[in-house]
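Below is one structure; the comments refer to it alone.
The values are calculated or read from the model by the stated rules, or taken from the named source; none is laboratory data. Note that the coordinates shown come from a computational prediction; the quantities given were computed from them, not determined experimentally. Here the Cβ positions follow ideal geometry from the backbone for every residue, glycine too, while neighbour counts run over all protein chains shown.
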Amino acid sequence: MKHLTKFLFITLLAPLISNAQSNYKPGYVVKLNGDTVKGFIDYREWEFNPDAISFKQSVADDAAKTYGVNDIKYFSVDGLDSFILYNGLITADSTDPNKLSQMGFFERDTSVKQVTVFLKVLEKGDRLALYSYKDDLKMRFFVGENPGYAPRELIYRFVRLGSENTYRKQLSAEAYKYSELNDKLIPYIAKADYSLDDILTIVNKINHITNAQYAKTHYKGSSVDIFAGAAVNVNTTAPSSSAAFATAGGGSNTSYMPAFFAGLKFFANPATRRLQLRLELSDALSSYKSLYTAKVYPYKPTEASFNSNALSASLQIIYNFYNAANFKVYGGVGYVISAYSFSNSYLGTQNHDGSESDIAANDPYFFVHQNTTFLLKAGVQLSSHFEVFANYLINNNVTEGGYFELSSNVLQAGVLYSFNLK
């Protein structure tokens, strides 16, 4: 319980620390008068397009300056994202099919609204630029033509009779203008969804930008890491209070033995690396030994002991509450599947006639050889490669019950080293 209290304290403290976090990356802003100012931008994992940013000319500056749509016309975070000011009309209809019931059968929602917002720059080639704008209503895409690259929204609407895919006609017109509307592109546009992948592919073909060229200029970091590490496996095994073994005098035991880890990290956004899905394999050793004098006749000293090896696979969701470039504080949960093997077991029992008996280590009807449980994780990443972590595994059954009814709680504390996979 003491270990669990410490673990929960760290986990609960992390969100409080996160309130003061920042993630300043090199970049620049262009003011409305055309002046360019280099510095550092607080780069966030924006769910919606930002309407303002925090900016410092030096990371060491105490105070940050806020720039919004009334202050700048462009900002860029080096190697990551760029945004351009847009002042114009956007569609205001919903693309949620559930809201169609509020409309008449032949009704079309063609509402628009005037906005001043930042559009995200997805691509800018010799011919076309592609932008996006997402708010709490929907995602919108825009194209702009050289020269000027003035944004025009690609229109997509839901109506009772289906959907209006006006964006396909708009993209076909752009391809025709640049003599790119060929036998390969026509069927692709005809089937294209209103999605980043499909629209970006079409714009890149019109711009004559290959996948390799695009990946080279838009690389935001590895989306997958491989890692390995080691830990101290603190395994506390104890009998159930209702078990005859506990009544007879058997007690709990804590072992300190090694555990080894390896696996993969998958990042939702390689640029921020705030949210990750982790697949982890582990091998953990533990032991149990209880020497006691039986509290029942004939009150003879006896012993219960065994060694255990747990091979586990876990799927974990991890979130960085504090997400600076080279210092991160994270927490997470996981689902663990384990296979156990046991050795050197002696589980002595007191028979009514005063004799002793034991149960063999390979008895499949006594030890639990497979188990599933949940994992709590907390940790600190100290650089782009090293991290210190703690795992807590809850209530692992060791035996099937009966006279010896044992379960264990596990705390693992260790270090990991990660390698980027590009």
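How many of the residues in the stretch 65-90 are at pLDDT below 95 and over 32 Å from the mean Cα position of the chain (by Cα)?
0
Could you grab me the full set of residues in the stretch 319-348 that are of a type in the set (A, V, I, L, M) and crowded, with 20+ Cβ neighbours inside 10 Å? Write out each step before concluding.
Step one: list which residues in the stretch 319-348 are of a type in the set (A, V, I, L, M), which gives 324-325, 329, 333, 336-337, 339, 347.
Those that are of a type in the set (A, V, I, L, M) and crowded, with 20+ Cβ neighbours inside 10 Å: V329, V336, L347.
I'd like to know if the stretch 140-147 contains one or more residues that are crowded, with 18+ Cβ neighbours inside 10 Å and in a loop (DSSP other than H, G, I, E, B).
No, the conditions are met nowhere in the stretch 140-147.
Is there a residue in the stretch 94-115 that is assigned to a strand (DSSP E or B) and among the small types (G, A, S)?
no
Go through I206, I199, I186 for me and flag whichever is β-branched (V, I, T), in a helix (DSSP H, G or I) and surrounded by fewer than 18 Cβ atoms within 10 Å (Cβ to Cβ).
I186
Name the residue, out of S163, S179, that is in a loop (DSSP other than H, G, I, E, B), surrounded by fewer than 17 Cβ atoms within 10 Å (Cβ to Cβ) and not aromatic (F, W, Y).
S179
Looking only at residues in the stretch 266-288 that are of a type in the set (D, E, K, R) and closer than 20 Å to Q412 by Cβ, which one is farthest from the chain's Cα centre (by Cα)?
D283
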